[in-house]
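Below is one structure, written out as structure tokens, with a few remarks after it.
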Amino acid sequence: YTAPITIPVVVNIIERSEGNVTQAQISSQIAILNQDFNNNNPRTSNIPGEFAGLVANANVTFALASVVSIVDSRTSWGTNDAMKFSSQGGIDATDSSNFLNIWVCEIGGGILGYAQFPGGSPATDGVVIGTNYFGETVAGGIYGKGRTATHEVGHWLNLRHIWGDGRCRQDDFVADTPSSDAPNYNCPAYPTVNCQSADMTMNYMDYVQDDCMYMFSNGQNDRMRALFVPGGAREGL
Ligand code: ARG
Ligand code: ZN
Ligand code: CA
């Protein structure tokens, strides 16, 4: 399946005081998602020759459909999905078979964001991004360049971490991402060798800092796109 895909996005903002999450954060986040899923990251030229032939243009466009916002003073919502239910003080998902829901709130615990894989409950489907890591922010530091959403939307589109969350032989179910046994952080030099091959540390599905991740691979693109065929988990989009 190779046709361009457009995903309408609902941003659900739970801010501690009105205006806490800015319009600039929203627009920069949508722009960054569009860069990254169209192979327009400004750093793609840093991709080493070994991986240059593997870079994917996912050809996915994110279109802001609506913004829902409420004020709540909580400082740590955690990861139990409370932010996704008005009955728990959060915001209910909007029609998750036709929209990507992004919740923005104070997750707490140093957590940048989290996502639900395809096939889960429609009520909790989508991604959650911590307030400081949503869009371009100063407060986010090395995670203030909007790549948490890129990584989480990768999970939402069925991608695993490139080290497969396990030892060398644990797979991420993608053939062209080299085997690794652990996440990489900060901004690793190339080559960073683990499991007898250079890690694709610049992949969005590693744990490096925002400005050191700048590619999805062709194999990851195939895995994402498989969701959009008739009968696929994201067909409605
Ligand atoms: N730890 C989170 C996860 O596994 C997000 C990591 C995002 N990394 C980043 N450079 N923004 O889903
Ligand atoms: Zn992750
Ligand atoms: Ca792999």
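Please treat every number below as a calculation from the coordinates, not as lab data. On a predicted model such as this, the values are computed, not experimentally measured, just so you know. When we count neighbours, we look across all protein chains shown, and the Cβ atoms used for this are built from the backbone with ideal geometry, even at glycine.
Annotation for the range 44-101 versus the range 169-237: alpha-carbon center distance of 18 Å. Charges were assigned to the Cβ only: +1 to each Lys and Arg, -1 to each Asp and Glu. The resulting dipole of the chain about its Cα centre is roughly 80 debye.
Tell me, what is the Rg over Rh of the range 5-67, with Rh the Kirkwood radius over Cα pairs?
Details: Rg = 15.1 Å, Rh = 13.6 Å.
The Rg/Rh ratio comes out at 1.11.
Note on the range 126-219: with charges restricted to the Cβ of Lys and Arg (+1) and Asp and Glu (-1), its dipole about the Cα centre is near 60 debye. Would you compute, from DSSP H runs of 4+ residues alone, the mean residue ellipticity of the chain at 222 nm, taking -39500 (n - 2.57) per run and dividing by the full residue count, rounded to the nearest 500? Computed ellipticity for the chain at 222 nm equals -4500 deg cm²/dmol. Ranked by the mean number of other Cβ atoms within 10 Å per residue, highest first, peptides 145-151, 188-194 order as 145-151, 188-194.
Please report, in whole Å³, the volume per residue of the convex hull around the C-alpha atoms of the chain. Numbers along the way, then the final one.
Details: hull volume 27.3 nm³, N = 237.
Taking only Cα atoms, the chain has a hull volume of 115 Å³ per residue.
Electrostatic tally near T192: other residues with Cβ closer than 14 Å to its Cβ, Lys and Arg +1, Asp and Glu -1, net -4.
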